[in-house]
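Participant: Structure in structure tokens, see below.
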Amino acid sequence: MNEIISFYDVTVKIGQKTILSNIDFKLNRGDFILLIGANGSGKTTLLKTALGFIKPSFGSIIYKNEISGYKDIKNFCGYVPQRLDIDRYFPVIAEDVINFAKPEKNLLNYIIKEFRIKDIIRKPFGMLSGGERQKILLAMALSKKPDILLLDEPNLNLDINAYRDFLRCLLLIKKEFNPTILMVTHLISIIPKMVNRVFVIKDGRIIYKKAPYEIFKIKNIMEIIYG
Amino acid sequence: MDEVVLKSLLMAGLAGLSCGLTGVFIYLMNIPFIGVAIAHSAMAGGIWALIFNLPSKFLAFIASFLTAIFIGPITDRAKTNPNISLSIIFSFVMGIAFLGAGLLEGKNQLVTNFLWGNIFLSGWKDIFFHGVLVIFVIIFIIIFFRQFSVFLFNREIAATLGVNTGFILYFILFLIGIVVTLNLDIIGGLMLFALIITPPSIAYQFTFDLKKFFFISSLSGILGSTGGVILSFIFNLPVSATVVIFMSLLFFISTLFSPKRIRYGE
Ligand SMILES: Nc1ncnc2c1ncn2[C@@H]1O[C@H](COP(=O)(O)OP(=O)(O)OP(=O)(O)O)[C@@H](O)[C@H]1O
Ligand SMILES: [Mg+2]
């Protein structure tokens, strides 16, 4: 198969506390997975483990059918973290942020045009709105042409229009470059087109892996997601 | 020009430059207390080395670098708020420094230098050494500019963009240790920190461009320290005090004219 990253029975402990238990899944090339779960269920930890920032206490992660040094995995990932503590006056403009990833000229022009960010690219990053920031970070993550995009609650602090615009960019990327996407979110009222599976995580365990339309058939889904 | 004046001005300029450059990292990593803790450890190391007749600059550096390594892991602002534990550490180190100073009281001019600095004592050798160091620092900043900027922006993102964040972090801490040690008996451990943190605070008022940020911070460092030395000569005042006061004055003036403040109304 076209496997891109696989978790084999991964357990993560921090100190005495077990944060993730027996996480086991395979992502194929081009998959678009939504990871949903309540606050503190372990979503961010799962992404950080995939990136190699956190090492599994048990189990293993295999990248492209090869056991990778963890250092390597993150070189193939584009990552948009959940929170970014950047001061309003931090001396970096939006364009600098995208350029961190050294994009090719054509790709950069394409992104600027299609993301409709021409007007904000010269603005200080810290002064952007939540939605503008997320688009810039997505542009940055995309600029290195990653195999996998890991997005941690990109809808946080966005209103519905800003989130729709973000999804528009994401779907555009999906069509154009077809990266594997693993996206964490709380919001199940909007499930983007092209999502092919939804993982539901509860107390550090993936309890459901379903097709998007099946999610609403789970009886207490709201309870699971909103605690 | 009098040679002492010339040497003092040169040394002050270099001190301001090295502190202004290093200060950018401390400021943008938001770790002021680490700077203070490292400065005070260097001071303690230097003073205690005198008690045991060891090479004091070398021990000052070892002390500052050990402190840097010890507190390095808690500098990740995403994880903890390190300021409380750091303020305890730096009070502790300060206590050790003053204990040493008390034991040596009156016996050694060098102790006074470590506390208050003595820019007038700098020789050509010191100036040359400091100059070479500053050139190295500048070259490193230019070579690793992209790595430094994305590191300062966000460490996790930096890691996904192929930056060796551990190396960059310890390199920065190492740099802080060296610059602090070199400036210790010039500016003095007690006031050194003002020279490190004020220049980037000035730069912060003026630019959204990291390159310019480094430049303005360096320039403010040079202006503040040489201006302070000139004031000290003219009015025959203690030099470290005039440097720090003049530097702070530059900061207050810069806040009055700050384009960021004026434009964004804060
Ligand atoms: N470094 C850490 N040390 C100890 N516990 C941690 C650490 N990081 C996370 N945890 C704990 O692990 C659990 C999962 O955290 P995680 O951040 O992965 O949750 P999440 O699903 O992303 O939540 P949210 O929706 O609030 O972002 C939480 O109980 C959290 O307190
Ligand atoms: Mg989270």
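The values are calculated or read from the model by the stated rules, or taken from the named source; none is laboratory data. Note that the coordinates shown come from a computational prediction; the quantities given were computed from them, not determined experimentally. A quick note on method: Cβ atoms are made from the backbone with ideal geometry, for glycine too, and the neighbour counts reach across all protein chains shown. Calculation scope for accessible area: heavy atoms of the full protein, side chains included, ligands and nucleic acids excluded. Shrake-Rupley method; radii C 1.70, N 1.55, O 1.52, S 1.80 Å.
Participant: Using C-alpha positions alone, give me the convex hull volume of the range B:3-190 per residue in cubic angstrom.
Facilitator: Values: hull volume 19.2 nm³, N = 188.
Expressed per residue, the convex hull around the Cα atoms of the range B:3-190 is 102 Å³.
Participant: Just name one of B:9, B:139, B:176: the one whose Cα is farthest towards the positive end of the charge dipole of the range B:3-190 (beta-carbon charges, Lys/Arg +1, Asp/Glu -1).
Facilitator: B:139
Participant: Using only protein heavy atoms and a 1.4 angstrom probe, determine the accessible area buried between B and A, summed over both sides, in Å² to the nearest 100.
Facilitator: Numbers: alone 12870 and 11530 Å², together 22030 Å².
Chain pair B/A: roughly 2400 Å² of buried accessible area.
Participant: While we're looking at this one, here's another question. List, largest first, the extents of the alpha carbons of the range A:1-95 along their principal axes, each in whole Å.
Facilitator: Principal extents (Cα only, largest first): 44, 34, 25 Å.
Participant: Quick one: Debye curve from the alpha-carbon atoms of the range A:89-189 only, equal weights, vacuum; give me log10 I(q)/I(0) at q = 0.11, 0.22, 0.24 Å⁻¹ to two decimals.
Facilitator: With one equal scatterer per Cα and no solvent, log10 I(q)/I(0) is -0.30, -1.26, -1.47.
Participant: Right, here's the next one. Restricting to DSSP loop positions (anything but H, G, I, E, B) with no more than 14 other Cβ atoms inside 10 Å of their own Cβ, which chymotrypsin sites (Phe, Trp or Tyr not before Pro) remain in the range B:1-74?
Facilitator: B:52
Participant: Another question, if that's okay. Once the dipole of chain B is set up with Lys and Arg at +1 and Asp and Glu at -1 on Cβ about the Cα centre, which of B:33, B:251, B:167 lies farthest towards its positive end?
Facilitator: So the residue we want is B:167.
Participant: Using the Cα centre as the reference, give the magnitude of the dipole from point charges on the C-beta atoms of the range A:99-227 (Lys, Arg: +1; Asp, Glu: -1; all else neutral), rounded to the nearest 20 debye.
Facilitator: Charge dipole of the range A:99-227: 320 debye, to the nearest 20.
Participant: To check my understanding: the extent here is largest minus smallest coordinate of the Cα atoms along each principal axis. What are those three numbers for the range B:106-160, in Å, largest first?
Facilitator: Cα spread of the range B:106-160 along its principal axes, largest to smallest: 54, 24, 12 Å.
Participant: Express in whole angstrom the spacing between the alpha-carbon centres of the range B:118-151 and the range A:189-222.
Facilitator: Cα centroid to Cα centroid, the span is 55 Å.
Participant: Quick check on my link table: of A:102/A:175; A:17/A:64; A:105/B:212; A:48/B:211, which ones sit more than 28 Å apart, alpha carbon to alpha carbon?
Facilitator: Violating the 28 Å Cα-Cα cut-off are A:17/A:64; A:48/B:211.
Participant: I've got another one for you. Dipole of the protein assembly as shown, Cα-centred, from +1 at each Lys and Arg C-beta and -1 at each Asp and Glu C-beta, to the nearest 20 debye? Can you show the working numbers first?
Facilitator: Working: 48 positive and 32 negative charges, 313 e Å.
Taking the Cα centre of the protein assembly as shown as origin, the dipole is about 1500 debye.
Participant: Further question: Assuming R0 = 41 Å, what is the FRET efficiency of residue B:91 and residue A:187, from their Cβ-Cβ distance, to the nearest 0.05?
Facilitator: Once the sixth-power term is evaluated, E becomes 0.30.
Participant: Once every DSSP H run of n ≥ 4 in the protein assembly as shown is given -39500 (n - 2.57) and the sum is divided by its residues, what mean residue ellipticity at 222 nm do you get, rounded to the nearest 500 deg cm²/dmol?
Facilitator: It comes out at -18500 deg cm²/dmol, rounded to the nearest 500.
Participant: State, as an integer percentage, the relative contact order of the range B:115-266 based on alpha-carbon contacts under 8 Å between residues 6 or more apart.
Facilitator: 24 percent
Participant: Further question on the same structure: Can you sort A:127, A:183 by solvent-accessible area, 1.4 Å probe, largest first?
Facilitator: The ordering from most to least exposed comes out as A:127, A:183.
Participant: Also, I was wondering about something else. Give me, ordered by chain and number, the residues 5 or more places off residue A:19 or on other chains with an amide H under 5 Å from its own placed amide H.
Facilitator: Those lying under 5 Å, H to H, from residue A:19 are A:12, A:13, A:14.
Participant: Springs between alpha-carbon atoms under 10 Å, Gaussian network over chain B: tell me which of B:234, B:26, B:119 tops the mean-square fluctuations.
Facilitator: B:234
Participant: I'm a student and want to see the number: the projected area of the Cα convex hull of chain A, averaged over all directions, in nm².
Facilitator: 12.7 nm²
Participant: In a shell of Cβ-Cβ distance under 14 Å around residue B:9, excluding residue B:9 itself, what net charge do Lys and Arg (+1) and Asp and Glu (-1) give?
Facilitator: With Lys, Arg at +1 and Asp, Glu at -1, the neighbours total -2.
Participant: Among the trypsin sites (Lys or Arg not before Pro) within the range A:127-227, which fall in a DSSP loop and have no more than 15 other Cβ atoms within 10 Å of their own Cβ? Walk me through the numbers on the way to the answer.
Facilitator: On the way: sites: A:133, A:135, A:144, A:164, A:168, A:174, A:175, A:193, A:197, A:202, A:205, A:209, A:210, A:217, A:219; in loops: A:144, A:193, A:219.
Hits after loop and neighbour filter: A:193, A:219.
Participant: What is the mean projected area of the alpha carbon convex hull for the protein assembly as shown, to one decimal in square nanometres?
Facilitator: 26.5 nm²
Participant: Rank B:213, A:170, A:194 by how far each Cα sits towards the positive end of the charge dipole of the protein assembly as shown (+1 on Lys, Arg Cβ; -1 on Asp, Glu Cβ) and give me just the farthest.
Facilitator: Final value for the positive-end residue is A:194.
Participant: Across every pair of different alpha-carbon atoms, what Kirkwood hydrodynamic radius in Å does the range B:122-233 reach?
Facilitator: About 15.6 Å, per the Kirkwood formula over Cα pairs.
Participant: About the Cα centre, and with charges only on the beta carbon of Lys, Arg (+1) and Asp, Glu (-1), how big is the dipole of the range B:141-266? Nearest 20 debye, please.
Facilitator: Using Cβ point charges on Lys, Arg, Asp and Glu, the range B:141-266 gives about 340 debye.
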